[in-house]
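One structure below.
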Amino acid sequence: MTKRGAYQKAKERKNKISVILFSITVVLLTVLLLWTIVQSAVTVHNIDNGTYQTYSGAFTYRVDKRYGRHRSSLYHFTLGNGDNLAINASLVENKEKLENLETLTFCYSTFPISVMGHHSVIAISSPDGSVDFVTLQDTRADDIGKIWVFSILFALWFALCTLVFLIPLLWRIKRKK
């Protein structure tokens, strides 16, 4: 036989767990949106001020194809100086020439885009500058677009979270009166 009130305690425990999981999800999504905005803003700042890092020399790379689609594929470059870079494959032009060259010139952001220390590629060109695989202007335009989109998403997310947390609070105040 169950104790008196056991059902109510189990229900309250389940509600607390769901509130905790919801709060963790809210925090993680907020951090993800802010991280993307800050990373893109730092990249644009690096391009505008010329404070990006430059490397010219040997490299290795691998292509990570996700979900079988080309637009979600990523190039991961490992430079001779030990830095790791990542870029969306759809931003890279002249992929056939890229695979044939042994040395390239990389410009990359000072801000890591992941916890694993990958940096964002700003520009890639051949050592003599004759072939551009990724240009500064394209990267800048792409990052400004990201800033706008993720800022709008963040504003909507913040408004939704405000409503979700304020409505129950207002209901409690009305009940007490």
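Here are the numbers for this structure:
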| item | result |
| --- | --- |
| Per-region count, the range 148-168, residues loosely packed, with under 11 Cβ neighbours inside 10 Å and not hydrophobic (A, V, I, L, M, F, W, C) | 2 |
| Residues satisfying the stated conditions in the range 74-102, i.e. among the aliphatic types (A, V, I, L, M) and either out of contact with any Ser or Thr (no Cβ under 7 Å at 6 or more places or on another chain) or closer than 21 Å to Gln53 by Cβ (or both) | Leu74, Leu79, Leu85, Ala86, Ile87, Leu91, Val92, Leu98, Leu101 |
| Any hit, the range 151-174, residues being at pLDDT 80 or above, among the polar types (S, T, N, Q) and not in a helix (DSSP H, G or I) | no |
| Tyr67 vs. criteria at pLDDT below 85, open to solvent by less than 90 Å² (accessible area, probe 1.4 Å) and among the aromatic types (Phe, Trp, Tyr) | no |
| Residue ranges of strands (runs of 3 or more DSSP E) in the range 73-147 with at least 1 members without any contact (Cβ under 8 Å) to a residue 24 or more places away in the chain, buried (at least 17 other Cβ atoms within 10 Å of the Cβ) and more than 22 Å from the chain's Cα centre (by Cα) | 118-125 |
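The values are calculated or read from the model by the stated rules, or taken from the named source; none is laboratory data. This structure is a prediction, so every number in the text was calculated from the model and none was measured. Counting neighbours? That spans all protein chains shown, and the Cβs are built from the backbone with ideal geometry, glycine included. When the accessible area is computed, the model is the full protein with side chains, heavy atoms only, and any ligands, DNA or RNA have been set aside. Shrake-Rupley method; radii C 1.70, N 1.55, O 1.52, S 1.80 Å.
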